[in-house]
Amino acid sequence: MRISTQIIFDQNVKSMNQQQGAFMKVGNQLATGRRVVNISDDPQAASRAVNVMQSKATTQQLLDSRVSARNNLSQQESVLNGLGDMITRAKTLMVQASSDTVSDLDKGSIAAELEGIYEAMIGQANVTDGVGRFLFAGQKDDSAPLIRVDGRVQFIDGIEPREQFIDDNRTMVVRDTAERLFASAPGVTTYHQKVNAGNQGSLVIERLNVLDTSDPNFGQRFNVNFAVDGAGATTYSVMVDGTEVATGAWSEGQPIDYAGVRLEFSGQPSDGDGLTAGRANQMDPNLFRSMEDAIAALRGSTETPEGRAAQRNVFSETLRELDQMLDNTLTRRASVGSRLNELDTLDLVAKNRLLAYEQTLSDLVDLDYVAAASDYSMRMVGLQAAQKTFVDITSMSLFDYLR
């Protein structure tokens with residue numbers, strides 16, 4: 001077979017190009033620190049690496065999402081802490097005002113301080129985060145959750161808590177609503193009572209005690225209505241959803257038992273006076289309304305037995321509602337704390353997961369520098385040998401052997 005000079009040149013150039021390509025590939029690996037620079041280097045490892053990087057990106061995104069959730073919950077926890085202190089102070093003032101030794105002037109001073117607490121509570125309910133969004137406006141955080149109508153606070157209707165994804169298939173409430181915080185009561189065993197707004201007599205509810213939670217009627221909301229005839233005889237009737245379920249004669253100081261609870265009274269009702277009793281969450285709880293009623297009662301007249309009875313009933317109702325609202329605040333705060341703990345746990349798991357992803361990616365695509373350095377040296381020797389061979393062959397000539 002005859003081998004032409006052209007073939008010799010082509011084969012040597014091809015050999016040098018191969019050695020040059022292999023040498024540059026190892027050099028590129030050393031420069032990037034990656035074994036798989038192109039998909040063609042290891043298609044299977046590259047495909048697995050893409051899946052791992054997608055999982056890593058998702059985990060990092062959820063980690064960032066939890067940062068936002070934690071900021072919201074931390075701000076709520078701070079507000080709830082302050083709210084608990086305000087409710088405690090309001091209770092202290094109401095206990096003082098309930099004393100028979102407190103003068104009307106002192107009650108006016110108490111009313112002024114309560115009004116300051118009331119305004120502070122409104123401010124906390126309408127507080128914003130660092131970017132101008134209302135913290136307790138749920139999904140409608142671009143507008144305040146409370147407004148004033150005729151001097152009384154009202155909640156904006158239709159506000160739902162804002163939820164956020166914090167992990168795969170896990171959502172969490174990150175922004176609660178002002179209504180759930182300031183107008184709800186925890187538990188189902190706590191009873192509350194309210195006298196009718198139109199009462200004219202001197203009847204005062206001294207105590208409401210839960211006697212038997214196993215009573216078959218326990219938990220019912222009921223009304224007690226009093227009737228006084230022309231001779232002064234008083235009867236009462238217990239109504240549930242408009243149906244009379246109990247009735248009897250009544251005299252001053254006589255308690256009334258129904259549904260496992262006992263109502264104790266002082267004073268005398270007028271004809272048509274009455275009250276409503278039920279579980280706390282059935283009694284339309286509202287911290288702002290209670291504060292407004294208490295402030296108005298402190299500034300009201302107590303010159304008549306009826307006025308004093310109305311004031312004492314408002315004080316009793318306000319104290320009971322403040323107790324319930326403090327319980328609600330502590331319950332909400334505990335809920336926020338548990339959610340913060342869950343976020344911490346999820347972050348710990350996510351960080352361990354990210355480390356595992358990094359290790360997997362390293363195993364798939366990262367470079368073994370010792371092996372690569374050795375290969376680099378070997379490829380360099382191969383390239384130099386190919387170049388030296390090409391030079392030696394191209395320098396040979398038939399004329400060198402002619403004499």
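The values are calculated or read from the model by the stated rules, or taken from the named source; none is laboratory data. Quick caveat: nothing in here was measured; it's all calculated off a predicted structure. Reconstructed Cβ throughout: ideal geometry from the backbone, glycine too, with neighbour counts over all protein chains shown.
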- Message: Testing ASP241 on (1) over 23 Å from VAL228 (Cβ atoms); (2) in the same structural domain as ASN126 (by TED's automatic domain parsing); (3) surrounded by fewer than 16 Cβ atoms within 10 Å (Cβ to Cβ), one condition comes back false. Which one is that?
- Response: (2)
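Residues in the stretch 156-212 that are over 30 Å from TYR258 (Cα atoms) and in contact with a His (Cβ under 8 Å, 6 or more places away or on another chain): how many? Before the answer, list the steps.
Looking only at the stretch 156-212, we keep the residues that are over 30 Å from TYR258 (Cα atoms), and these are 156-179, 181.
Filter again for in contact with a His (Cβ under 8 Å, 6 or more places away or on another chain), leaving none.
Qualifying residue count, the stretch 156-212: 0.
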- surrounded by fewer than 18 Cβ atoms within 10 Å (Cβ to Cβ) and more than 30 Å from the chain's Cα centre (by Cα) - does that describe any residue in the stretch 83-95? yes
- Item | Complete set of residues in the stretch 344-361 that are at pLDDT 90 or above and surrounded by 15 or more Cβ atoms within 10 Å (Cβ to Cβ) | LEU346, ASP347
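For the stretch 149-182, what are the residues that are basic (Lys, Arg) and either farther than 19 Å from LEU83 by Cβ or not in a strand (DSSP E or B) (or both)? Walk me through how you get there before you give the answer.
Our first condition is that a residue be basic (Lys, Arg); within the stretch 149-182, this holds for 152, 162, 170, 175, 180.
Hits for the stretch 149-182 are ARG152, ARG162, ARG170, ARG180.
Has the stretch 132-155 got at least one residue that is in contact with a Leu (Cβ under 8 Å, 6 or more places away or on another chain) and among the β-branched types (Val, Ile, Thr)?
Restricting attention to the stretch 132-155, the residues satisfying the condition of being in contact with a Leu (Cβ under 8 Å, 6 or more places away or on another chain) are 136, 141, 153-155.
Those left that are additionally among the β-branched types (Val, Ile, Thr): 153.
Yes; the residues of the stretch 132-155 include at least one that is in contact with a Leu (Cβ under 8 Å, 6 or more places away or on another chain) and among the β-branched types (Val, Ile, Thr).
Looking at the structure I just gave you, is THR329 assigned to a helix (DSSP H, G or I), within 21 Å of SER109 (Cβ to Cβ), touching a residue at least 12 places away in the same chain (Cβ under 8 Å) and in the same structural domain as ILE87 (by TED's automatic domain parsing)? Spell out how you get there, then give the answer.
Working: assigned to a helix (DSSP H, G or I): yes; within 21 Å of SER109 (Cβ to Cβ): no; touching a residue at least 12 places away in the same chain (Cβ under 8 Å): yes; in the same structural domain as ILE87 (by TED's automatic domain parsing): yes.
No: the conditions fail for THR329.
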- Every residue from the stretch 184-212 that is under 20 Å from MET325 (Cβ atoms), small (Gly, Ala, Ser) and buried (at least 20 other Cβ atoms within 10 Å of the Cβ): ALA185
- Using beta carbons and a limit of 6 Å, which pairs, at least six apart or on different chains, have the first residue in the stretch 73-88 and within 17 Å of ARG180 (Cα to Cα) and modelled with pLDDT under 95 and the second one hydroxyl-bearing (Ser, Thr, Tyr) and in a helix (DSSP H, G or I)? LEU80/THR329; LEU83/THR329; GLY84/THR329
- Task: Working carefully through the options VAL149, VAL195, VAL210, VAL173, find the one that is among the aliphatic types (A, V, I, L, M), over 26 Å from ASN72 (Cβ atoms) and in contact (Cβ under 8 Å) with a residue 60 or more places away in the chain.
- Result: VAL195
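Hey, any hits in the stretch 125-134 for a residue that's surrounded by fewer than 13 Cβ atoms within 10 Å (Cβ to Cβ) and under 15 Å from ARG299 (Cβ atoms)?
Of the stretch 125-134, the ones surrounded by fewer than 13 Cβ atoms within 10 Å (Cβ to Cβ) are 130-132.
Filter once more, so that each one left must be under 15 Å from ARG299 (Cβ atoms): none.
No: the stretch 125-134 contains no residue that is surrounded by fewer than 13 Cβ atoms within 10 Å (Cβ to Cβ) and under 15 Å from ARG299 (Cβ atoms).
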- Identify all residues within the stretch 78-101 that are touching a helix residue (DSSP H, G or I) at 6+ places or on another chain (Cβ under 6 Å) and under 13 Å from VAL127 (Cα atoms); write none if there are none. VAL79, LEU80, LEU83
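So that you can scan it fast, the table gives a plain yes or no per residue for (1) under 18 Å from the mean Cα position of the chain (by Cα); (2) of a type in the set (Ser, Thr, Tyr); (3) in the same structural domain as GLU179 (by TED's automatic domain parsing):
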site	(1), (2), (3)
GLU115	no, no, yes
TYR118	no, yes, yes
VAL131	yes, no, yes
GLY151	no, no, yes
ARG162	yes, no, yes
